[in-house]
Structure formats: structure tokens, C-alpha cells
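Q: Dropping the structure in here first, questions after.
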Amino acid sequence: MLKRFKESVKDFSSDVKSAVTEKELEEETLNPLLEELRLKLLQSNVSLEAAESIEKELRQNLLGQKVPRTKVEEKVNQAVKEVLLDLLDDSFNIEEELKKSGEPPVIFFIGFNGSGKTTSAAKLTHRLEENGREVVLGAGDTFRAASIEQLEEHGRNLDVPVISHEYESDPAAVGYDTVEHAEKEDKVAIVDTAGRSHSNTNLMNELEKMVEVNSPDITFLVVDALSGNDVLEQAEAYEGMFDAIIVTKMDVDEDGGAIISISERSGKPVAFVGNGQNYEDLESFDKEAFVEKIV
Ligand SMILES: Nc1nc2c(ncn2[C@@H]2O[C@H](COP(=O)(O)OP(=O)(O)OP(=O)(O)O)[C@@H](O)[C@H]2O)c(=O)[nH]1
Ligand SMILES: [Mg+2]
């Protein structure tokens, strides 16, 4: 009799205690937190699609979990980090990719107008040269005025040869000569290409021809962090044509929304981020550091 009484008191007190100190996360608690998070993500230029996918994942992870009352926000933050780490991919390693490449390795830079292709190609050239690889640059943008001179200037600064033809000439032929040079001299061929969007059918066809003729081992899609939601259009325009992403101008836009959106849409790794106009300003993407910074 007494024993049973004792037990029921014990049960009650632990119930009360858990009601006081622990909280089972239910819709009521979670909804406002998730709502707030979604707003923050959208404000950071994360696409609606990516924000909703993150929210859905979080709801699944958190609903019904028992959490000490004072730790609800901490728990939610932790879950946000986990979801983002899951979504982002920083597994691209340039040295390993070069080892896996054919000889000579051929690297393409593609993307919309002004996204930072030429600058990023020069930055990667600098990085590879620093690491003891020799590079030859190919002026595969024969379309935009002054594009060849721009690459040649990088070539002079970096003390790297630049293979170029006339403006309006076939960029696949430039690529061919660049690869041939690289093969003879045991270099890495880095080929710049003209900026284009998918409405430029001619330029898109031209790029497809370049890919066919030059069969790049690594193709970087270069996107500009400032283009926010437009990165989705870019991922779509080049779907199936790129291996990894470079997100430029992170020094100007630290929201990181573009990185999250394009990772969610493309499922491809972010290889590098550009964070300045100098040759050194190309960082390997580190998702842990990125998530720590934004959450
Ligand atoms: N602040 C900053 N500026 C950058 C970065 N990357 C590129 N830029 C600048 O962005 C502008 C465009 O860069 P480009 O490399 O010419 O871009 P692109 O994609 O080759 O351009 P098109 O050939 O015209 O399509 C230049 O003024 C660069 O200096 C970056 O990481 N940070
Ligand atoms: Mg360019």
C-alpha cells in the first residue's frame, strides 16, 4: 500500500519535473521558431525552395524531441547547423581532381556575364603555380571586347603563357591549341570562356562544341554571390555541364545565400569562394567554417 503510494508520488514528481524542466517540441513551439528562421534565410537571399527544404528537414528532426526548457533555441540552432552541413558539399579537392584527370589536365571556367570567370581562372592559375604546377591559359572568350587583352594581362602578371586567336574566331580551336601546348610542356590547361546565358543559343551551342572538342576534366561554374536568387537560373542553364562551383564576390556579400541556394539546387560541391580582387583571394570552401559564421 505504502509502496504504491510512494511510487505514484515519485512518478508524479518526475512528471512535474520534466514538465517544468523539459519540453517536448511540438508544432506550437516550433512554428514560430521555424517561421523566424525562414524569414532570416530569405533575407540572406536563400531561395524560397532552399528555405522550405531546410524548414522541412528541421521539422522532421525536431518534432517530438525532448529538450530542457532553457535549451530550446540551442537545440534548434544545432539542428539548423546539421541540416546545412548536410546540404552543403565541400568535398572538392583540386589536387586530388588533378591527379584523377587525364594528361594534360584541362580545366574550363563557365558562367554568366561578369560572374568572375576570368578573374577566378587567374586566381586558380596563381594557386596552382604556387603549388608547383605549371599552367597555360587559353583565351576561349573570343566574343567580348577586350577579353583577350584582359587574360593576357593576367598572363603577364602571373608569368604564364596565354594562347589566343582572333576575336570572333572559334573558341574550340583556341581550346585545342591550349591543350596541345599543355600536353607538350606538361602543364595544366586552364581555358576561359565567354559569358553567356541560356537565351544566347549561339553561345550555348558554341560552349557545347568546346566541351566536345576539348573534353575538360574539370569544369567550374562561376557564380556571383551578389546575384542572389538568380544563381538558380544559372545552375539550370548549365545543368549537367559542370563539376563544381566557384562563388565569387563573397567579400562584398557575406550573406551566403547564393551558396546555400545553388548547393540545394545543383547538388554539386562548392570548390572555392572568391573574396577579393587579388590573386590570393580564392579560398577553398570550408562548410564547417561557413555554417559557424552564418548560424
Ligand atoms: N570584390 C570582388 N570582385 C571580384 C571577385 N571576382 C571577380 N571580381 C570582379 O568582378 C568583375 C568581373 O570579373 P571577370 O573575371 O571579368 O568576370 P567574367 O565572368 O570573366 O566576365 P565576362 O568575361 O564579361 O563574362 C571584375 O571587376 C572583377 O575584378 C571577387 O571575388 N571579389
Ligand atoms: Mg571573362
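The values are calculated or read from the model by the stated rules, or taken from the named source; none is laboratory data. Please read these numbers as outputs of a predicted model, since none were measured by experiment. Reconstructed Cβ throughout: ideal geometry from the backbone, glycine too, with neighbour counts over all protein chains shown. What goes into the accessible areas is simple: the full protein's heavy atoms, side chains included, and nothing from ligands, DNA or RNA. Shrake-Rupley method; radii C 1.70, N 1.55, O 1.52, S 1.80 Å.
Q: Please give the helices (runs of 4 or more DSSP H) falling wholly within the stretch 113-196 in which 2 or more residues are open to solvent by 30 Å² or more (accessible area, probe 1.4 Å), away from ligand 1 (no atom under 16 Å from the Cβ) and assigned by TED's automatic domain parsing to the domain that holds Leu226.
A: Per the criteria, 117-130, 171-185.
Q: If I ask for residues that are away from ligand 2 (no atom under 16 Å from the Cβ) and either β-branched (Val, Ile, Thr) or open to solvent by less than 50 Å² (accessible area, probe 1.4 Å) (or both), which ones from the stretch 276-289 would you list?
A: Gly276, Asp281, Phe285, Lys287
Q: Give the residues of the stretch 144-176 that are within 13 Å of Thr118 (Cα to Cα) and either away from ligand 2 (no atom under 12 Å from the Cβ) or modelled with pLDDT of 95 or more (or both), sorted by residue number.
A: Ala146, Ser147, Ile148, Glu149, Gln150, Leu151, Glu152, Glu153, His154, Gly155, Val162 - these are the residues of the stretch 144-176 that are within 13 Å of Thr118 (Cα to Cα) and either away from ligand 2 (no atom under 12 Å from the Cβ) or modelled with pLDDT of 95 or more (or both).
Q: Can you tell me which of (1) more than 8 Å from ligand 1 (Cβ to nearest atom); (2) within 21 Å of Asp286 (Cα to Cα); (3) in contact with an Asp or Glu (Cβ under 6 Å, 6 or more places away or on another chain) is the one Val106 doesn't meet?
A: (2)
Q: Does the stretch 193-211 contain at least one residue that is more than 24 Å from the chain's Cα centre (by Cα), of a type outside the set (S, T, N, Q) and under 27 Å from Leu282 (Cα atoms)?
A: There is no residue in the stretch 193-211 that is more than 24 Å from the chain's Cα centre (by Cα), of a type outside the set (S, T, N, Q) and under 27 Å from Leu282 (Cα atoms).
Q: Go through the stretch 220-243 and give me each residue that's buried (at least 22 other Cβ atoms within 10 Å of the Cβ), of a type in the set (A, V, I, L, M) and not in a helix (DSSP H, G or I).
A: Answer for the stretch 220-243, where residues must be buried (at least 22 other Cβ atoms within 10 Å of the Cβ), of a type in the set (A, V, I, L, M) and not in a helix (DSSP H, G or I): Leu221, Val222, Val223.
Q: Here's a follow-up. Farther than 21 Å from Asn275 by Cα, among the acidic types (Asp, Glu) and touching an Asp or Glu at 6+ places or on another chain (Cβ under 8 Å): which single residue out of Glu49, Glu73, Glu82 fits that description?
A: Just a single option satisfies the conditions, and that option is Glu49.
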